[in-house]
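K.L.:
Take a look at the following structure, please.
The values are calculated or read from the model by the stated rules, or taken from the named source; none is laboratory data. What you see is a predicted model, and the numbers here were worked out from it, not measured in a lab. As a convention, Cβ positions derive from the backbone with ideal geometry for all residues, glycine included, and neighbour counts pool all protein chains shown. Keep in mind that these areas ignore ligands, DNA and RNA; they rest on the heavy atoms of the full protein, side chains included. Shrake-Rupley method; radii C 1.70, N 1.55, O 1.52, S 1.80 Å.
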Amino acid sequence: MAVMKTVTLIGKPGCHLCDDARAVVSEVCAQLGARWEEKDITQDEELYRRYWEQIPVVLVDGAQHDFWRVDPRRLRAALEA
């Protein structure tokens, strides 16, 4: 079983890539028992400034892991490391 890590999905409403990323993050985290949360860049000025050209962005324990497309195998490997 994975060490308890937290995945953060940063995106915005109406973003089809964010919807795709949410599905991958949700599935992988459910399989491994990892926590995940979602943050909306339109509600956070700092996140907007930092990531607006890259969304969706996935962080694992606060460190940037992926952006635009989320590879489920790569995310699983990061969570199991």
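K.L.:
Do you know which of the residues in the range 1-17 that are over 9 Å from the mean Cα position of the chain (by Cα) and under 14 Å from Val70 (Cβ atoms) is most open to solvent (accessible area, probe 1.4 Å)?
P.N.:
Applying the filter and picking the extreme gives His16.
K.L.:
At least 1 residues that are without any contact (Cβ under 8 Å) to a residue 40 or more places away in the chain and either of a type in the set (Phe, Trp, Tyr) or under 20 Å from Ala81 (Cα atoms) (or both) in each: list the strands (runs of 3 or more DSSP E) lying fully within the range 1-69 that qualify.
P.N.:
By residue number, 35-40, 63-67.
K.L.:
Can you name every residue in the range 61-81 that is open to solvent by less than 30 Å² (accessible area, probe 1.4 Å) and closer than 25 Å to Gly14 by Cβ?
P.N.:
His65, Asp66, Val70, Leu75
K.L.:
For Val28, work out the one condition from (1) touching a strand residue (DSSP E or B) at 6+ places or on another chain (Cβ under 7 Å); (2) surrounded by 14 or more Cβ atoms within 10 Å (Cβ to Cβ); (3) under 20 Å from Lys5 (Cα atoms) it doesn't fulfil.
P.N.:
(1)
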